Amino acid sequence: MSTGSESSAPLTLESRLAGVREGVADAVRDAGRDPSDVTTIVVTKFHPATLVRELYALGVREFGENRHQDAAPKAVLLTDLAPHWHFVGQLQSKKAKSVLTYAHTIHSVDRTSLVDVLASAGQPVDVFLQLNLTDDPARGGVDPLRVRELAEDVLRVDRLRLLGVMAVAPLDAEPRAAFARVREASERLRELAPHARFLSMGMSNDYREAILEGATHLRIGTAITGNRPVDG
Ligand SMILES: *Cc1c(COP(=O)(O)O)cnc(C)c1O
């Protein structure tokens, strides 16, 4: 499949980063929003620690990873820097405590058993509740209509700071409509937890639509990093 991010491969990391920053700024302006309300997390999964280092030198501080076995050794190689690691992938309960040795924000909280493990870790954690916008339970994420039940579990634990909701737009859906569903779920959540106002949504190919629907945390990989060396 040919995508915009693939055709950008010949450019340098610096120019791809600049291109995305420009695209984000344009969308923020078109949405009439405040630039300081939108954070870009660069998803560096499957790329080596050296790439994270290059991005860090270009001013990036927010990084995303989706697999513990890939992220953990990288984080160890970068302890001389101060990156903020966001864990954005599906998280097995048995790995959750290990992920917290480097990640401060977990975007993929989708069940009570995982909340319980995070609660027992004894350190503050920022969490997003991941919504499943598909009919396939294997995709991970909680049914958007049940977001408040899961939020109640998080709110019972002082050390867990509920930031808001996270979602991936389904491949077969129009992204803007998918992101509108996330915004609606966010509104329902805020009736219960007014401070949990953040929306983690928008990737390389749909961040503009996400910004127009209120995204506050973009998770952008290939449009900045280039194609992933291995993926699977
Ligand atoms: C890989 C990944 C991204 C980034 O995807 P790109 O299409 O490369 O921008 C964002 N969110 C999650 C959960 C991911 O796994």
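Modelling each spin label as a point 7 Å along the Cα-to-Cβ direction, I'd like the A138/D80 distance in nm, to one decimal.
Computed distance between label sites A138 and D80 equals 4.3 nm.
No solvent, one uniform scatterer per C-alpha: report log10 I(q)/I(0) for region 153-223 via the Debye equation at q = 0.20, 0.22, 0.26 1/Å, two decimals.
Values, matching the q order: -0.78, -0.89, -1.10.
Is it possible to state the helix-based mean residue ellipticity at 222 nm for the chain, with each DSSP H run of 4+ residues giving -39500 (n - 2.57), the sum divided by total residues, to the nearest 500 deg cm²/dmol? What is it? Write out the running numbers ahead of the final one.
Details: 10 runs with 93 residues, N = 232.
Theoretical 222 nm ellipticity from helices: -11500 deg cm²/dmol.
Can you list, largest first and rounded to whole Å, the semi-axes you get for the chain by taking the square root of 5 times each eigenvalue of its Cα gyration tensor? The partial results should precede the final answer.
Values: eigenvalues 136, 97, 51 Å².
Here the semi-axes work out to 26, 22, 16 Å.
Calculate the spin-label point distance for R148 paired with R29, positioning each point 7 Å from the Cα along the beta-carbon direction, and give it in nanometres.
4.0
Net charge within 12 Å of V182 by Cβ-Cβ distance, Lys/Arg positive one each and Asp/Glu negative one each, not counting V182 itself?
Working: positive: R176, R181, R183, R188; negative: E184, E187, D206, E209, E213.
Local net charge: -1.
Select from G23, G164, G32 the residue whose mean-square fluctuation is largest in a Gaussian network model of the chain (Cα-Cα springs shorter than 10 Å).
Sorting by GNM fluctuation, first place goes to G32.
Describe numerically, in nm with one decimal, the distance between label points set 7 Å from Cα along Cα→Cβ at A180 and at K97.
Each label point lies 7 Å from its Cα, and together they span 4.5 nm.
Please list, short to long, the whole-number percent of alpha-carbon pairs of region 39-97 in consecutive 10 angstrom bins beginning at zero.
23, 59, 17, 1
All of the numbers you see were taken from the coordinates with simple rules; none came from a lab. Computed from a prediction, not measured in an experiment: that's the story for all the values here. Note that we place each Cβ from the backbone using ideal geometry, even for glycine, and neighbour counts take in every protein chain shown.
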